[in-house]
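K.L.:
A single structure is presented below for examination.
The values are calculated or read from the model by the stated rules, or taken from the named source; none is laboratory data. All values derive from a computational prediction rather than experimental measurement. As a convention, Cβ positions derive from the backbone with ideal geometry for all residues, glycine included, and neighbour counts pool all protein chains shown. With ligands, DNA and RNA removed, areas are computed over all heavy atoms of the protein, side chains included. Shrake-Rupley method; radii C 1.70, N 1.55, O 1.52, S 1.80 Å.
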Amino acid sequence: MRNLFHADTFKENQVHTFNPQSWLQVERGKVSKFSSHSPASIESLIKVAEPPVLPFFKPVDYVEVLAQIHEELESCLPHEKAEVYLLQFQVFRGLGEVKLLQRSLRSAWETASTVYEKLIFGAWLKYEKKGEEPISDLLASCGKCSQEFRILGVAPEIPLQDSEVMSACNLGKIEPTNVVYFRVREEYIACDRQKIADLSPPFNTMLNGCFTESIQEVIDMSENNISPIGMRAICNFSLLGSLNELLSLDILLEILIFANKFCCEKLKVACDRKLASLVSSRQDAVDLMECALEENSPVLAASCLQFFLRDLPDCINDEQVVRIFSTANKQQRFIMAGHASFSLYCLLSEVSMNANPKSEVTASFLEKLVVSAVNSRQKQIAFHQLACVRLLRKEYDEAERLFGAAVAAGHVYSVAGLARVACFKGDKRSSYEKLSSVISSYNPLGWMYMERSLYADGDRKWEDLDKATELDPTLLYPYMFRASFLMRKQSAEAALMEINRVLGFKLALECLELRFCFYLALEDYRAALRDVQAILTLSPDYRMFEGRVASSQMRTLVQEHVEQWTTADCWLQLYERWSAVDDIGSLSVIYQMLEATDAAKGVLYFRQSLLLLRLNCPEAAMRSLQLARQHAASEHDRLVYEGWILYDTGHCEEGLRKAEESISIQRSFEAFFLKAYALADSSPDPSCSATVISLLEDALRCPSDRLRKGQALNNLGSVYVDCGKLDLAADCYISALKIQHTRAHQGLARVHFLKNNRTSAYEEMTKLIEKARNTASAYEKRSEYCDRELTKADLQMVTKLDPLRVYPYRYRAAVLMDSHKEVEAIAELTRAIAFKADLHLLHLRAAFHEHIGDVAGALRDCRAALSVDPNHQEMLELHNRVNSQEP
């Protein structure tokens, strides 16, 4: 979920209440030293809450589950695919793989076989991309549109059955010899007796059977809640097979109810579709959904559903909408969503959990999810999510029952919830034993040890936390606990080293917040200001100290204790940090510049977006790009920012056109740079290199600052290298280094290597390592320019600095395989696969399994890898080869 469950709800005893003013007096000089604060006060500042039990589907062996999903997608019927992709989405959600889960959602939408699935998954995609509406507008301006954002014509998506269509031979005029009059109030409506009889079996029996109406010329219909206009419309329908276009909503509702009462199926279908076409807003949908459910009108219900889902997340604040979804029984859910009821309530539950996981609305949606679950995997998801919400609401007995049901259905991770409940009930020993049982029964994972550490003391606690980090270095809580413990012991340097370990590869807000607190306690206000400004850049609405204090408020308080920089100071600081590859520091300076000036905001937001992309924060980067567009100083600047928005969302050709349009208005560095970048990416033709070189040279002839010129020189050097022009490339890299573009050391090292000078290449990368603040990628690159022992040492350092980089694991595994240590080689890959769903790791392990004759293992890894990238050519070839070997 976007804003994961707040961990404070799992901690019953809040020891201290934090008061920021106690640490930050507004007048300078009134803040006491770190050592003079009481231990209780320090505790309140750096307290780390227990990690939440995450409301995600987390199978013990996600590789096996992904392999099963791929196998099911290959063999299942077309109408079953969307549901399988939804399960794949849930696996990737549990792994935190945002791009992959969005791709799974798109696949579910593309393979949807019913209008309900199209509506649900289209709305879900739109919700996942809710910050990208401007992109839809930009695409529309380029003659393209995002199909998932459009309103779907519901009626054409639900085909008519033959029995629902009026036969042409039954249509025509009223036969004079066959007239029957229906009296409604004081009016008489002439109808053709046989045509009315043909509308339904009840009418046929009434008009042609043994009832008295069969011999009457006038039949009184006044007691059937139909108006004269409605009855006349029914008569016309019996003759023409269609409803008058001018009928009002009230009359159509009358006719629908009448058609249901007298079992006039064709009339009901026509009325259902006509009413569906009249829904144009959420309020229309609210007004008509109740009728649709009561009268079993699926087309109208689907049309109403569309307008509810289009308004997510706002519509879940509408009590009428919530009541419709929360009170729907099984039959009504089928009318509303067909066989996609589980998918619908998955979506509604996620939206509601993101808004307020403790709310009655969230609980009611999850209850519907539970009753909509059909198979064991769906039950695992539904029981676990509802249990997490009950736990948040401190409804411990119900939470225990639901976690138990999830475990019984096969969801081992739910044991973490059972342990948490047992602890809250005072049985800490039982909690420890539950996790110990899981550890001994399955291949241990990091979360198992992290959870068990919550119920251990002393050395056992530390051992479990260290084991958790060893097995899954992406878990934040162990780093945060160790760092806060060290800080409480006044080992500030060790505490900062520990929290910096994780911030070196994962820019987590809660870790930045903790480091901010450390600097606050140490009275290093400049560093504290840096971190809080980085937090505000990543998440402007972020609230610190368990949601009690706005980050912006903390920034205001800290700023009072820091000497203010002038604009010139800020630019100097930005150059210094950019050159030192200090991305967090650069973000902070740009934030400060944005707050201090109204001038050149477009340029600053653009620089901010570049840094955020480098830090792997695509959502925040897109937000900054949109702000750059909004604050563009000129038309040609705006076009450049629009081009980058399009390029970064996969619309390369459209981005290229925006660059050309900008150049036609004014030649500028950024327009030429964008065109060169987009062209190099969009054209596989090697001959386009000359054009890219020309564009980058044009860019360098335009005015710009050294930060961007350094990047252009670096890119130009890379193109020259690809063209084999090594001397020209070296000139570019040296020029970039002269203006402090530190990353150019890497390009120059490559040139030395290609000139067969490994020693110089190694030395060049060493210079980068010495200058850069973030060095994992530099160590990885340097490892290519030295002997095996130094390579192993460098790659070991890479894994220490950034355990998410996969090349070191692959290299070590390959070395082990070359040494005929097959078991150890596979174990090395398995270690990384446990916490990172990476195609290359799975591919290599599949090849190793094939090499040692483990066909089942190879096939499993191939299928899991194809879940990660279904179109990877080498993976498809290996899969086909291994599949042919399966007995």
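K.L.:
Leaving ligands, DNA and RNA out of it, work out the accessible area of Arg831 with a 1.4 Å probe and give it in Å² to the nearest 10.
P.N.:
Probe radius 1.4 Å; accessible area of Arg831 about 90 Å².
K.L.:
Calculate how steeply helix 415-424 sits against the longest principal axis of the alpha-carbon atoms of the chain, using the helix alpha-carbon long axis, and give the answer as 0 to 90 degrees to the nearest 10.
P.N.:
80
K.L.:
Under the 0.36 nm per residue contour assumption, what length would be gained going from the current alpha-carbon distance of Ser141 and Arg526 to full extension?
P.N.:
My answer for the length gained is 134.1 nm.
K.L.:
On to the next question. Angle check, please: helix 360-372 long axis (alpha carbons) against the longest principal axis of the chain (alpha carbons), in degrees 0 to 90, nearest 10.
P.N.:
Orientation of helix 360-372: about 70 degrees from the principal axis.
K.L.:
Give the range of the longest stretch in the chain that excludes all GluC sites (Glu not before Pro) found in loop regions by DSSP and having at most 10 other beta-carbon atoms within 10 Å.
P.N.:
The answer is 564-887.
K.L.:
Taking the stretch 538-604, how much of its Cα-Cα pair set, in percent, is spaced more than 15 angstrom apart?
P.N.:
Taking all Cα-Cα pairs of the stretch 538-604, the fraction more than 15 Å apart is 60 percent.
K.L.:
In the chain, what percentage of the DSSP-assigned beta bridges are antiparallel, given to the nearest 5?
P.N.:
75
K.L.:
Shape verdict for the stretch 454-535, please, from the Cα gyration tensor: rounded (a/c under 1.5), prolate (a/b greater than b/c) or oblate.
P.N.:
Note, shape of the stretch 454-535 comes out oblate.
K.L.:
Spelling out what I want: for every residue of the stretch 66-83, take phi, set θ = phi - 60°, compute 6.51 cos²θ - 1.76 cosθ + 1.60 (Karplus), and round to whole Hz; glycine and proline get x.
P.N.:
Calculated HN-Hα couplings, in order: 4, 5, 4, 4, 4, 5, 5, 5, 6, 10, 6, 6, x, 6, 9, 5, 4, 5 Hz.
K.L.:
While we're here: Taking a ≥ b ≥ c as the square roots of the Cα gyration tensor eigenvalues, with a/c under 1.5 meaning rounded and otherwise prolate when a/b beats b/c, else oblate, which class fits the stretch 62-137?
P.N.:
Judged from the Cα gyration tensor, the stretch 62-137 comes out oblate (a/c at least 1.5, b/c at or above a/b).
K.L.:
Picking from Tyr542, Gly153, Gln331, whose Cα lies most toward the positive end of the charge dipole for the chain (charges on Cβ: Lys, Arg +1; Asp, Glu -1)?
P.N.:
Tyr542
K.L.:
Could you check how much of the accessible area of the stretch 356-469 is carbon and sulfur, as a whole percent, using a 1.4 Å probe?
P.N.:
Taking all protein chains in place, the stretch 356-469 shows 47 percent carbon and sulfur surface.
K.L.:
Considering only protein heavy atoms and a 1.4 Å probe, what is the carbon-and-sulfur percentage of the accessible area of the stretch 803-884?
P.N.:
Of all accessible area on the stretch 803-884, carbon and sulfur atoms account for 50 percent.
K.L.:
In deg cm²/dmol and to the nearest 500, what is the mean residue ellipticity at 222 nm of the chain if only DSSP H runs of at least 4 residues count, each as -39500 (n - 2.57), divided by the residue total?
P.N.:
My calculation for the chain gives -20500 deg cm²/dmol from helical runs alone.
K.L.:
Contour minus end-to-end for Ser280 and Ile739, with contour as 0.36 nm per residue of separation and end-to-end as the Cα-Cα distance?
P.N.:
Stretched out fully, the Ser280 to Ile739 stretch lengthens by 159.4 nm.
K.L.:
Moving to a separate point now. Using a Förster distance of 35 angstrom, determine the FRET efficiency expected from the C-beta separation of Glu635 and Glu546, and round it to 0.05.
P.N.:
Computed FRET efficiency for Glu635 and Glu546: 0.15.
K.L.:
Still on this structure, I have one more. Which residues' amide hydrogens lie under 5 Å from the amide hydrogen of Ala550, considering only partners 5 or more residues apart or on another chain, with H built in the peptide plane?
P.N.:
Distant-sequence amide H within range of Ala550: Met544.
K.L.:
Label point 7 Å out from Glu64 along Cα-to-Cβ: which residues of the stretch 428-443 have amide N under 17 Å?
P.N.:
438-443, by backbone N distance to the label point.
K.L.:
How far apart, in nm, are two points set 7 Å out from the Cα along the Cα-to-Cβ line at Leu876 and at Lys755?
P.N.:
Output for this residue pair reads 4.3 nm.
K.L.:
Report the residues of the stretch 671-694 in range of a label on Asp731: point 7 Å along Cα→C-beta, backbone N strictly under 18 Å from it.
P.N.:
Zone members listed by number: 690-694.
K.L.:
Any idea what the dipole of the chain comes to, in debye rounded to 20, about its Cα centre with Lys/Arg Cβ at +1 and Asp/Glu Cβ at -1?
P.N.:
2080
K.L.:
Starting from the Cα coordinates of the stretch 572-618, work out the convex hull volume and express it per residue in Å³.
P.N.:
68
K.L.:
Then there's this: How much accessible area per residue does the chain have, counting only protein heavy atoms and a probe of 1.4 Å, in square angstrom?
P.N.:
In whole numbers, the chain has 43 Å² accessible per residue.
K.L.:
Same structure, new question: Could you tell me which label, among (i) 2, 10, 16, 21, 20, 14, 8, 5, 3, 1, 0; (ii) 2, 9, 12, 13, 11, 9, 7, 6, 6, 6, 7, 7, 4, 1, 0; (iii) 2, 11, 20, 24, 21, 13, 6, 3, 1, 0, 0, carries the value of P(r) over Cα pairs in 10 Å bins from 0, in percent calculated for this structure?
P.N.:
(i)
K.L.:
In whole percent, how big is the carbon plus sulfur part of the accessible area of the stretch 62-137, probe 1.4 Å, protein atoms only?
P.N.:
On the stretch 62-137, the fraction of accessible area on carbon and sulfur atoms equals 50 percent.
K.L.:
Let me ask you something else. Sort the stretch 634-740 into rounded, prolate or oblate with this rule: let a ≥ b ≥ c be the square roots of the eigenvalues of the Cα gyration tensor; rounded if a/c is under 1.5, and if a/c is not under 1.5, prolate when a/b is larger than b/c, oblate otherwise.
P.N.:
In terms of gyration-tensor shape, oblate.
K.L.:
Hey, any idea what Rg/Rh is for the stretch 803-884, computing Rh the Kirkwood way over Cα pairs?
P.N.:
0.94
K.L.:
While we're on this one: Show me, for the stretch 394-406, the HN-Hα J-couplings you get by feeding each phi into the Karplus relation (A = 6.51, B = -1.76, C = 1.60, θ = phi - 60°), rounded to Hz, glycine and proline as x.
P.N.:
Each residue's phi maps through the Karplus curve to give 6, 9, 5, 5, 5, 4, 4, 4, 6, 4, x, 5, 5 Hz.
K.L.:
Right, another one. Taking 0.36 nm per residue of sequence separation and subtracting the Cα-Cα distance, how much length would be gained by fully extending the chain between Arg460 and Glu770, in nm to one decimal?
P.N.:
Extra length from Arg460 to Glu770 when fully extended: 107.8 nm.
K.L.:
So if R0 is 45 Å, what FRET efficiency would Arg185 and Glu360 give, r being the distance between their Cβ atoms, rounded to the nearest 0.05?
P.N.:
The pair Arg185/Glu360 has a calculated efficiency of 0.45.
K.L.:
Please work out the FRET efficiency for the pair Leu509 and Ala596, using the Cβ-Cβ distance as r and a Förster radius of 22 Å; give the result to the nearest 0.05.
P.N.:
Computed FRET efficiency for Leu509 and Ala596: 0.40.
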